Amino acid sequence: MTPLAKILHRRISATSPITIADFMAECLLHPEHGYYTTRDPFGRGGDFTTAPEISQMFGELVGLALAQSWIDQGQPPAFALAELGPGRGTLMADVLRATRAVPGFHTAMQLHLVEASGVLRARQKETLSQYRVDWLDTAGALPPLPLFLIANEFFDALPIRQFRRDKAGWREIHVAATPKGLGFGLTAPVPVDMLDHRLADTRPGDIVEIRPSAGPIIATIASRIARFGGCALVFDYGDWRSLGDTLQALRNHAPEPPLENPGEADLTAHVDFQALAEAAAGTVEAAVTTQGEFLQRLGLAQRAQALAANLSGDRLREHEAAYHRLTAPAQMGTLFKAFALHPKTAPRPPGFEP
Ligand code: SAH
């Protein structure tokens, strides 16, 4: 067992089984043994890779979309440029490089990064050493300014709870201690008001996931955008509505059972975009499309061609593979979604046109 598995086994044996959300939170952010608190997991030597790590084109196009939205909203002279869960800082670095030529954008911006991991904060500080950056623990600490915010593969890392439907209602799937280690179990039937509306579109045996911390974060961002202006661009994998078990562990680029190596594997679950839209409903407008569609509408193909003109050999092949990976339906093009929040009075951000 990993050191964290031993700690959790002892705790569960002494008290009671824990929710999958508690398990995920410990695995990802335990101060000593957490996955994100102890390492930089990205890239080839790491456990997984993300769109900004695959190609600079992703961040460049996201940056230009943000700048266009800033222009569409009258170029507010002071605004917060913020990112949730910036990883290595690569996406923000690409956004900043691409927007350098937009008159007034850099002078008006204040950079804010919301990051829980000390190791990754240090990494972001290196990547963004040319800029003044303010690190925050939560989105609630963002300043009272127009907010232009990005988040890539942040929401999938927030803990989920899982419920299994039976005839009349729900049982929660929890993590229990077994003689051999940790195992999944089921609670007695519990009333779950939040899932009443899902009784209509699920059948006994179906699993539904909820992500308790996502709604409040989206509500905070939405209320800033409603009050001060701005927009949020969120990228992640998932669907319009949660159905089925999507909890997954990834170590060395390979999937493994989620309870196998607590603290040493990345744990994520699909994002329920309907839940995000509902958390923002009434305050701002939400729009969603696939990542592939979003990037193509912003001119990914032309940008890819322009870059390809200066490449040859292995570098050209890598570049072509990156383009394919970002957009192909069987890769990140369809499973990954682009989700936007914008004021009711402002046009949709580029890439989300109806
Ligand atoms: N956006 C980056 C990294 C995605 S991984 C990329 O696309 O490459 C998830 C990121 O969210 C990491 O930086 C992780 O440390 C951070 N994170 C996870 N849970 C968090 C939380 N509750 N609060 C703040 N940051 C969190």
>> Quick check on packing: order 219-227, 279-287, 119-127, 306-314 by the mean number of other C-beta atoms within 10 Å, highest mean leading.
In response: 219-227, 279-287, 119-127, 306-314
>> Of all beta bridges DSSP finds with both residues in the chain, what is the antiparallel percent, to the nearest 5?
In response: 60 percent
> With θ set to phi - 60° and the Karplus curve 6.51 cos²θ - 1.76 cosθ + 1.60, what are the ³J(HN,Hα) couplings of the range 106-123 in order, to the nearest whole Hz, using x for Gly and Pro?
Replying inline: 5, 5, 7, 8, 10, 8, 10, 10, 9, 9, 8, 9, x, 4, 6, 4, 5, 5
> 222 nm [θ] for the chain, helices only, -39500 (n - 2.57) per DSSP H run of 4+, per residue, to 500?
Replying inline: -10000 deg cm²/dmol
> Bin by bin, in steps of 5 Å, what percent of the Cα pairs in the range 301-354 do you find, going until the bin that has the longest distance?
Replying inline: 4, 16, 18, 16, 16, 13, 9, 5, 2, 0
> What dipole magnitude, in Debye to the nearest 20, does the chain give about its Cα centre under +1 on Lys/Arg Cβ and -1 on Asp/Glu Cβ?
Replying inline: 220 debye
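Pick out, in residue order, every one of the chymotrypsin sites (Phe, Trp or Tyr not before Pro) in the range 112-148 that is DSSP loop and has at most 15 other C-beta atoms within 10 Å; say none if there are none.
Values: sites: Tyr131, Trp135, Phe148; in loops: Tyr131.
Sites meeting the loop and neighbour criteria: Tyr131.
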> Translational D (Stokes-Einstein, µm²/s) of the chain at 37 °C and 0.692 mPa s when Rh comes from the Kirkwood sum over C-alpha pairs?
Replying inline: 154 µm²/s
> Mind checking which lysines have their C-alpha under 16 Å from Lys6, skipping anything on the same chain fewer than 8 residues away?
Replying inline: Lys180
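Report the FRET efficiency, 1/(1 + (r/R0)^6), for Gln331 and Ser13, where r is their Cβ-Cβ distance and R0 is 51 Å, rounded to 0.05.
Between Gln331 and Ser13 the formula returns 0.75.
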> If each of Lys6 and His253 carries a label point 7 Å out from its Cα toward its Cβ, how far apart are those two points in nm?
Replying inline: 3.2 nm
> Normalised by the number of residues in the chain, what is the relative contact order in percent for Cα pairs under 8 Å and 6+ residues apart?
Replying inline: 21 percent
> Among Ala14, Pro159, Thr283, which residue has its Cα positioned farthest towards the positive end of the charge dipole of the chain, with +1 placed on the Cβ of Lys and Arg, -1 on the Cβ of Asp and Glu, and the dipole taken about the Cα centre?
Replying inline: Thr283
> Once both axes come from the Cα atoms, what is the angle between helix 20-29 and the longest principal axis of the chain, in degrees from 0 to 90, rounded to 10?
Replying inline: 50 degrees
> Heavy-atom accessible area per residue, the chain, 1.4 Å probe: how many Å²?
Replying inline: 44 Å²
> Given the Cα atoms of the range 231-270, and with Rh set as the inverse mean 1/r over their pairs in the Kirkwood sense, what is Rg to Rh to two decimals?
Replying inline: 1.07
> Each residue of the range 124-133 in order: what ³J(HN,Hα) in whole Hz does its phi give by Karplus 6.51 cos²θ - 1.76 cosθ + 1.60, θ = phi - 60°, with x for Gly and Pro?
Replying inline: 5, 4, 5, 4, 10, 4, 6, 10, 8, 10
> Once label points are set 7 Å from the Cα along Cα→Cβ at both Ala301 and Ala116, what is their separation, rounded to one decimal in nm?
Replying inline: 4.0 nm
>> Report the gain in length on full extension from Asp201 to Lys167: 0.36 nm times residue separation, minus Cα-Cα distance, nm rounded to one decimal.
In response: 11.0 nm
> For the chain, which whole-number percentage of the solvent-accessible area (1.4 Å probe, protein heavy atoms only) is attributable to carbon and sulfur atoms?
Replying inline: 53 percent
>> Rg and Dmax in Å for the range 16-101, alpha carbons only: what are they?
In response: 17.3, 57
> Once the piece of chain linking Arg241 and Lys180 is laid out straight, how much longer is it, given 0.36 nm per residue of separation minus the C-alpha distance between them?
Replying inline: 18.5 nm
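The values are calculated or read from the model by the stated rules, or taken from the named source; none is laboratory data. The structure displayed is predicted, hence computed values, not measured ones. Positions of Cβ are backbone-derived with ideal geometry, glycine not excepted, and every protein chain shown enters the neighbour counts. Keep in mind that these areas ignore ligands, DNA and RNA; they rest on the heavy atoms of the full protein, side chains included. Shrake-Rupley method; radii C 1.70, N 1.55, O 1.52, S 1.80 Å.
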